[in-house]
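The values are calculated or read from the model by the stated rules, or taken from the named source; none is laboratory data. Values in this document were obtained by computation on a predicted structure and should not be read as measured data. Cβ placement follows ideal geometry from the backbone for every residue including glycine, while neighbour counts extend to all protein chains displayed.
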Amino acid sequence: MSKLKQIVKSIVRSISSSIKREQNTQVEQTMIANQYRLMQKMLTPQEMPKFKDVGFKVHSQFDEDGILLYIFSIIGTVNKRVVEICAGDGIVCMAANLIINHGWDALLFDGDRVSVANGIKYYKLNPSTSVFPPKFVRAWITKDNIDKLITDNGFTGEIDLLSIDIDGNDYYIMEAIQSVKPRVIICETHNVVPANLAVTMPYKEDYYYLDGKQHEEFRSVSLLAMQKLLSQRGYKLVGAHKYGFNAIFMLKELGKDIFPEVTVEEVSSNPYSVFRREKAWNEVKDLPWVKV
């Protein structure tokens, strides 16, 4: 066999293996989701799994894929629509598993040209999304343009999920979003900040936390600040991923028994968050945080 034929055969094997793994993942996750629904009918709310028991990673950075699968297996969906702000290349993000393995309709944003181009190519080639890939928009997100960007791309009203991970102006962007009403929100907060402080960084339109112009830990928003903002909009804090900084909020009327409201202190008490505060808070505590 010629070297070229060997290379082609290897590529075909790799693609076939990838598709098979993906198909297996879809089957496995469908079985898991159905099992959760069956458990809901058979167990008391107190006997149902906790987030620490259901997390796993397929496309998310950590264990959020499993947690989101659990949540939506229990509370159901209304339209399987998700908006993700700062999705990177869209391959490793909160929405990807829902898009690829569960057929969700998505609107993804990121400011990096290469990441967006890679994401568009990936979804066009993926056999699960090639017919109807998610909308992937390159844009630098500000508090003044985010709502228009969402509506201009066809997303308004009730959606199932909103994900925000900006590492900067997260509070201000969340505050500015009025065009959609997500049933569930997952957002990154800064676990360096103590649980009793409701603070955010000052708004800076061109902020990028790795540009070297400021301490890289002087960024984002505390969990308490985000909890206060979203509570005013009818959301409850129901938990977080295993490291505590990707917080999960849900409309208060949903999942009342299985997903009760938890405190900021409960979410912030995990070992990683404790370690981060002990290591970094003193370095930035005297910087000009904005109280909210």
Tell me yes or no: at least one residue of segment 203-217 is over 16 Å from the mean Cα position of the chain (by Cα), not in a loop (DSSP other than H, G, I, E, B) and not acidic (Asp, Glu). no
Restricting to segment 270-292, what's the tally of residues that are without any contact (Cβ under 8 Å) to a residue 12 or more places away in the chain and more than 20 Å from GLU216 (Cα to Cα)? 1
Given the conditions (1) modelled with pLDDT under 95; (2) on the phi > 0 side of the Ramachandran plot; (3) not aliphatic (A, V, I, L, M), report the number of the one that LYS3 does not fulfil. (2)
Which of the numbered conditions does GLN46 fail, given that it passes all the others? Conditions: (1) in a helix (DSSP H, G or I); (2) modelled with pLDDT under 95; (3) under 22 Å from ASN246 (Cβ atoms). (3)
In contact with a Lys or Arg (Cβ under 6 Å, 6 or more places away or on another chain), among the charged types (D, E, K, R), farther than 25 Å from VAL292 by Cβ and modelled with pLDDT of 95 or more: which single residue out of ASP110, ASP105, ASP152 fits that description? ASP105
On the basis of being touching a His at 6+ places or on another chain (Cβ under 8 Å), within 30 Å of SER73 (Cβ to Cβ) and either at pLDDT 95 or above or hydrophobic (A, V, I, L, M, F, W, C) (or both), does PHE245 make the cut? yes
Within segment 216-224, can one find any residue that is modelled with pLDDT of 95 or more and of a type in the set (Lys, Arg)? no
Only residues that are under 19 Å from the mean Cα position of the chain (by Cα) and assigned to a strand (DSSP E or B): list them for segment 243-292, please. ASN246, ALA247, ILE248, PHE249, MET250, LEU251
The lone condition LEU237 fails out of (1) within 16 Å of the chain's Cα centre (by Cα); (2) free of Cβ contacts under 8 Å to residues at least 40 places away in the same chain; (3) at positive phi is (3)
Filtering segment 91-130 down to residues that are over 16 Å from the mean Cα position of the chain (by Cα) and under 22 Å from TYR208 (Cα atoms) yields GLY111, ASP112, ARG113, VAL114, SER115, VAL116, ALA117, ASN118, GLY119
Could we say that ASN97 is among the polar types (S, T, N, Q), under 22 Å from LEU69 (Cα atoms) and modelled with pLDDT of 95 or more here? yes
Some residue of segment 184-193 being in contact with a helix residue (DSSP H, G or I) (Cβ under 6 Å, 6 or more places away or on another chain) and either surrounded by fewer than 17 Cβ atoms within 10 Å (Cβ to Cβ) or not hydrophobic (A, V, I, L, M, F, W, C) (or both): yes
